[in-house]
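Encoded as structure tokens, the structure appears first; notes follow it.
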Amino acid sequence: MQAAQRTDDNPALWHAISEADRLVLPLLVLFVLGDFPEASAVHFRWMLEGLEDTSVRLRDAGIAFSIQRGDPAVVVARMGLKAAMVICDASPHRWARSARVRLTAEITVPVIEVDGESIVPLRIASAKQEWAARTIRPKISAALGVYLEGPRLPLRAPRKTADQLDVPSNDGLFNAYGKSLNPVDLTGKPVLPSSGSLAAETRLNSFLDNGLDSYDKDRNDPNLSGTSGLSPYLHFGQISALAVARAARIHEGPSLPAFLEQLVLRRELCRNFAYYRPDDYDAWSSVPAWAVRTLGEHANDPRDYLYTRSDFEAAATHDPYWNAAQHQLLMTGTIHNYMRMYWGKMILAWSRTPREAFETALGLNDRLALDGRDPNGWAGVAWCFGLHDRPWPQRAVFGTVRSMSAAGLKRKFDADAYARTWNNSQPSKQ
Ligand SMILES: Cc1cc2nc3c(=O)[nH]c(=O)nc-3n(C[C@H](O)[C@H](O)[C@H](O)COP(=O)(O)OP(=O)(O)OC[C@H]3O[C@@H](n4cnc5c(N)ncnc54)[C@H](O)[C@@H]3O)c2cc1C
């Protein structure tokens, strides 16, 4: 268990339980805490909080759980497990892919990968990197029904309990990053959401009851809580995207298509990008050639302002709206989607070169966002530089890459109210 850190609606876990039952063997779930690239202590702590809850649920169902530190291939070899079979969940992350490949080379029993983190499994959705939402839409639409109509997969106890299985548990690792750092805002409210599958389900139910109906109307106003807030839970696999889509469909309502467009279409497009660009999904070379060309033609255009990565990180630009977005990121681990687009676009506008801008935006997003280090983040940053988009009318610095401006923000929503909210509240440490 690496990507799908939950007990319910987890196809890899379900398959493992089915195989354990078929072979009448007990089941061990192993999680390996690796040096996940770009992960910070905040990421680790948040993840481990949710994972500990998952370990309790598994053990209550008679499934052994072990958490170990290191490299999965080495850990499995070191533990000397006499497994009949290894079932892995799937993630397009390079670290996870390489670990699975090395694991397969290390052991002689079958290793099976189950892609349960996409709604339509990546290889079924498309056999190649897609250009844009319009090219992947018909493929996803054609396959979607099978998955949406499929059975739910609640946790079930295997026939044979793992009580007698002798595996080192190493539960002290759950506290490896401490538990006491809970940043709070000026009103004393924790700034990070609670972690874990239960918190994810609570968040989903609250969104379905209070947010889904007005999603289409409210989602582009960063002053409102008009979106689901599910991205960190989806990133750490604490909730299944398919289960969210099914719950939203049952709820129905006028905004359902708009919500599914983001949760299914946009998310699967980003996963397709990461899957088919394993070597450079997080590198400048993933930006499309037309965009690199037009940005290159405008490389010498004078920039109105020039900032370094440290200036951006410290929210020290001249622009109160941009600084507010960066403060929101620093405090809550996320930025509202609309401001996230502006945030990335303006890093492009105010950096020495487009490539430096790309590396600044990607580095900050991966390092500081609770939902970062995710296909949505890599593709989201690359989108600011033209990925999955088309040419727009020429502008200075941007060339034909779509631009954004502060004036545009003000036309869309009360940008000054947003700036007041985030520039006036600083986190403290408890
Ligand atoms: C520069 C930039 C960086 C981004 N970095 C990340 C990131 O690190 N992690 C991340 O999950 N998303 C990222 N996004 C996409 C998007 O901003 C977030 O998914 C969204 O704001 C999360 O909030 P929510 O869960 O309330 O979304 P909702 O609007 O409630 O949508 C539900 C789910 O749909 C998916 N989704 C929504 N919008 C998008 C989108 N534009 N592209 C792909 N999937 C989407 C997400 O999984 C989201 O949780 C980034 C976008 C940009 C422009």
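A few points about this structure:
- Candidates THR227, THR135, THR54: whichever shows maximal mean-square fluctuation once the chain is modelled as a Gaussian network with Cα springs under 10 Å: THR135
- Averaging the sequence gap over all C-alpha pairs within less than 8 Å and six or more residues apart, then dividing by the number of residues, gives the chain a relative contact order of 20 percent.
- Measuring between their Cα centroids, region 256-275 and region 79-109 lie 27 Å from each other.
- The sum of -39500 (n - 2.57) across all DSSP H runs of n ≥ 4, divided by the residue count of the chain, sets its helix-only mean residue ellipticity at 222 nm to -14000 deg cm²/dmol.
- Region 246-270 residues near the modelled LEU224 label - backbone nitrogen below 12 Å, point 7 Å along Cα→Cβ: 255
- Accessible surface ranking that places the most exposed of ILE119, ILE250 first, with a 1.4 angstrom probe: ILE250, ILE119
- Computed accessible area, ARG420, all protein chains, 1.4 angstrom probe, square angstrom: 130 Å²
- Among the GluC sites (Glu not before Pro) in region 117-182, those located in a DSSP loop and surrounded by at most 12 other Cβ atoms within 10 Å of their own Cβ are GLU149.
- Solvent-accessible surface of region 325-430, averaged per residue with a 1.4 angstrom probe and all protein chains in place: 38 square angstrom.
- Choice from GLN326, GLN164, GLN68 showing the highest fluctuation, given a GNM over the chain with Cα pairs closer than 10 Å: GLN164
- Residue ranges 233-240, 18-25 sort as 233-240, 18-25 when ordered by packing (mean number of other C-beta atoms within 10 Å per residue, highest first).
- Cross-link check: pairs LYS217/LYS345; LYS139/LYS345; LYS217/LYS410; LYS345/LYS410; LYS82/LYS160 evaluated at a Cα-Cα cut-off of 27 Å; pairs beyond the cut-off: LYS139/LYS345.
- Of all DSSP beta bridges in the chain, antiparallel share, percent nearest 5: 25 percent
- In the chain, the longest principal axis of the Cα atoms and the axis of helix 197-210 are about 50 degrees apart.
The values are calculated or read from the model by the stated rules, or taken from the named source; none is laboratory data. These figures come from a predicted structure and were not determined experimentally. Using ideal geometry, Cβ is built from the backbone for each residue, glycine included, and neighbour counts are taken over all protein chains shown. Keep in mind that these areas ignore ligands, DNA and RNA; they rest on the heavy atoms of the full protein, side chains included. Shrake-Rupley method; radii C 1.70, N 1.55, O 1.52, S 1.80 Å.
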